[in-house]
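Reading through the structure tokens given below for one structure.
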Amino acid sequence: MPILIKDYNWRQTEKLVIIRVPLKGVCVKNIDIFTSDHYIKIHSPPFLFEVCLWQPVEESECSCTVTDEEAVFQLVKKLETNWPSLAADISRQEALQVKTRAIEEALARAEICRKDKSAKKSERQRAAVKEQISLNTHEHQQIERNKQQEKEAALIQLGWSRPQSSVRITEITDENEHSTAKKIGKEIFQLDKKEDKVMKSLIPAPRQSVQIPVTFTPRWFPTPCRESMITEEQEWLKKRAEAMRRTGFVAEDLRPEEQDPLWLCDKAQSFFDVGNYLGAVSAYSHALTLNDQLYEIYAGRAKAHLALGNVGKAASDSSNALELLTPPVPQNVEARAQCLLSRGLALAGLGLKREALSELQAAESLSPDCPDIKVAITQLQKEQLHVD
């Protein structure tokens, strides 16, 4: 369930609308921004900001600037009038229709853009093929001319060449015309046969085909290997292996029968129980590479991140676990309560006390007898009173 951002502010001029949305505890790299003429949205799990605008804006002229602290929308009005409110005064069903229509229009524009790019790419490919054919033809003709010149030079060296005038006779007497023509034709035929025999003797025999096996050296890094970086890479791998062994978990040391997500969950829980939180995080992370559809993995890793103080990662893992615990049924009430507890504690660590209290109260409504939830709510309320 996303957490709605409501503490935004906005102002307007005759032509512009400027909206400032705070981004506390949000990873800027994973932020998703969507704009249309009637609807805008910012989504970075587990936070969400969306609004259906009072009047349409010029989508092509709008912009959004994102910093570590906030996101600033600058929207250009289609009609130069003052807005009484930023959000349109419509029902929830109408807002859902506006959102659906905006997404459909964006998909249609993306499909048109994709088709245009595909058509331009096909045109460039056809032009490149034509150019390549032209180059190949020119190169083939040049090769044929070189071969003919080499052939003539070889015949001259063998002494089988003849002057051009001895082959073509333009003026002869009527008396010897018939016999001379026969003699010249016979000499040309015999010369062509000799040339064919010489060329066949010069052509080498075809080579025998042989298959050459090629194997690639396994490599941990995704980048190509460089001799100048081999020493640094080996040193880094050595330090990583030592650090992983200190946590008690090394994925490369697992036996084939231990490559099982449930076994890894039990192993991670045993690490967590003895206070080896880094080992627990490593085991849960390796289990996710084998199966990312088990909520137990995300929920367990969220608790380990909380123990390490990684509250941002704990909130994200708790949200992923809650998404997998759908639909809500009586069989997963306790699991959802624990995930809400973890997310509430993570939000409290991020400084979002109000949202954290809301999450903890939702957890208490699911599991009213859980002492951990009651203790967390009491402690958070005391902190709020102390701050006030």
Next item on the list: With a 1.4 Å probe and all protein chains in place, put R101, R240, R336 in order of accessible area, largest first.
Entry: R101, R240, R336
Notebook entry, point to check: Fully extended, how many nm does the chain gain between D372 and V214 (0.36 nm per residue separation, minus their Cα-Cα distance)?
Noted result: 51.0 nm
Notebook entry, point to check: Over 31 Å between Cα atoms, which of K121/K147; K24/K120; K29/K117 qualify?
Noted result: K121/K147; K24/K120
Next item on the list: Lys and Arg at +1, Asp and Glu at -1: add these up for the other residues within a Cβ distance under 14 Å of V129 and post the number.
Entry: +2
Margin query: Can you give the FRET efficiency to the nearest 0.05 for L96 and S285, using r as the Cβ-Cβ distance and R₀ = 25 Å?
Written below: 0.10
Margin query: Suppose we keep just the alpha-carbon trace of the stretch 310-379; what are its Rg and Dmax in angstrom?
Written below: 11.3, 32
Note to self: So if each residue of separation counts as 0.36 nm, and I subtract the Cα-Cα distance between K130 and R240, what length gain in nm does that give?
What the structure shows: 34.3 nm
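The values are calculated or read from the model by the stated rules, or taken from the named source; none is laboratory data. These numbers were taken from a predicted model, which means no experiment stands behind them. Cβ atoms come from the backbone with ideal geometry, glycine included; neighbour counts cover every protein chain shown. Areas reflect the complete protein model, heavy atoms only, side chains present, ligands, DNA and RNA absent. Shrake-Rupley method; radii C 1.70, N 1.55, O 1.52, S 1.80 Å.
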